[in-house]
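Readers should treat all values here as calculations from the given coordinates under stated rules, not as data from a laboratory. Only a predicted model underlies this, so the values are computations on that prediction, with no experimental measurement involved. Neighbour counts are summed over all protein chains in view; Cβ atoms, including those assigned to glycine, are modelled from backbone coordinates with ideal geometry.
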Amino acid sequence: MKNLLDQNFEGKKVLVRVDFNIPLDEDFNISDDSRIKAALPTLNKLIKDKARVVLMSHLGRPKGVELKYSLSHIVDYLQSLLEVNVSFSENCIGGKTINSVKNLKNGEVLLLENLRFHKEEISGDLIFSKQLANLADVYVNDAFGSSHRSHASTSIIAQFFPKEKYFGLLLKNEIDNLEKSLSNPEKPFTSIIGGAKITGKIDVITSLLDKVDNLIIGGGMAYTFAKAMGGNVGDSLVEKDKLDLAKSIIIEAKSRGVNLLLPTDSVNSSNFSNDSNVQYSEIINIPDGYMGLDIGEESICLFSEVIERSKTIIWNGPMGVFEMSNFENGTKKIGESICKATKNGAFSLIGGGDSVAAIKKFNLQNQVSYISTGGGAMLEYLEGKELPGVKAILE
Ligand code: 3PG
Ligand code: MG
């Protein structure tokens, strides 16, 4: 495996897969630039080398060509960050694109239009992959957030660069940080999993049971657990088809000696809104007509105590509906506990769009050890799955 930093790419055409799948508001302003900023080390290295840099990414999940998913919306901002000329190609393949690449001068950057405007990207079409590959001499995958996808630009393309394929600096850094928490973590090792549903998190929960000392579960999925234990959860979100699964996770945790912590109390609301009646109860005694939207003070104390004496912490998924001020407290307090533990020497890794948005909302982003740009990719890595985007570079 050749290291990007050991090479000089002067004059070479370097095709970089980045993950610029970022949120845009209705006026196409960037609402979170983390993923763009995270790609800068790789891009600056290539620009400094005087490579001819061709960037490709997807944005959203368009059905065909849709203006709101055009990467043209981010060209100016990217140019302001890179301080070099960034041009834009209205397609990612075809004659015009080939010409734009030809016209690139050393040290300049060309951003290609959204790969997903072609359905061949997601289907992993070989011809489409080859068309992309033909644009360049070197392939760099720096799109950690998309590395769990076996798409044309994230994995299929790599075979066309048998000697000239590299991990980008972000992708490498992400893997290094995940490895830091997974192989030989300093103990106690605590994982906090939240979010609305068990579906989508079940594999990561199961796989973490093998590794962690403490597993904290919060967020919407906690109500399915409370219901599974025979509680009354009122109108809270419950995945009825996951009740047995929740029970088996509780039993499994016990048999593996993992300290599984579930919320004991809940902040409830008569509606899914910030201006409804708010009420507190035990999580197993939520009155009918109310739904649980956050963990309560007792749960916060219970969780914080465990978090603050942990030495390795992984957090994915909020504790409640932190977007609404009435139900932000649990997520905020858990975030603060993670920061406290980090200050005391713990290694903390936060990932997943919602947890990262929460950490930023409460301005705690500089007080944790590492913030991942991956959501699904981070979960799959934690599940022990081989990421197609990583595998394709190693092969
Ligand atoms: C993400 O944000 O999860 C990645 O960019 C991948 O996008 P996808 O989930 O639409 O494949
Ligand atoms: Mg995703």
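Go ahead and estimate [θ] at 222 nm for the chain from helices alone: -39,500 (n - 2.57) per DSSP H run with n ≥ 4, summed, over the residue count, rounded to 500. Before the final figure, lay out the partial values.
On the way: 14 runs with 137 residues, N = 395.
Counting only the DSSP helices, I get -10000 deg cm²/dmol.
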The farthest towards the positive end of the charge dipole of the chain, of the residues Leu40, Gly194, Gly289, given +1 on Cβ of Lys and Arg and -1 on Cβ of Asp and Glu, is Leu40
By the mean-Cβ-within-10 Å protection proxy, highest first, 324-336, 193-205 rank as 324-336, 193-205
Checked against a 18 Å limit on the C-alpha separation, the offending pairs among Lys45/Lys165; Lys180/Lys201; Lys37/Lys391; Lys37/Lys105; Lys180/Lys385 are Lys180/Lys201; Lys37/Lys391; Lys37/Lys105
Computed about the Cα centre, the charge dipole of the chain from +1 Lys/Arg and -1 Asp/Glu charges at the Cβ has a magnitude in debye, to the nearest 20, of 1320 debye
Applied in sequence order to the stretch 128-136, the curve 6.51 cos²θ - 1.76 cosθ + 1.60 (Karplus, θ = phi - 60°) yields integer Hz couplings, x standing for Gly and Pro, of 4, 4, 5, 4, 5, 4, 5, 6, 9
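What GluC sites (Glu not before Pro) does the stretch 117-225 have in DSSP loop regions with at most 16 other beta carbons within 10 Å? Spell out each step's value before the answer.
On the way: sites: Glu120, Glu121, Glu164, Glu174, Glu179, Glu186; in loops: Glu164, Glu186.
Hits after loop and neighbour filter: Glu186.
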Packing-ranked peptide list from 140-149, 369-378, 123-132, 352-361, highest mean Cβ count within 10 angstrom first, is 140-149, 369-378, 352-361, 123-132
Between Leu110 and residues 5 or more places away or on another chain, the pairs with built amide H atoms under 5 Å apart involve Val53, Val54, Leu55, Ser87
By the mean-Cβ-within-10 Å protection proxy, highest first, 47-55, 338-346 rank as 47-55, 338-346
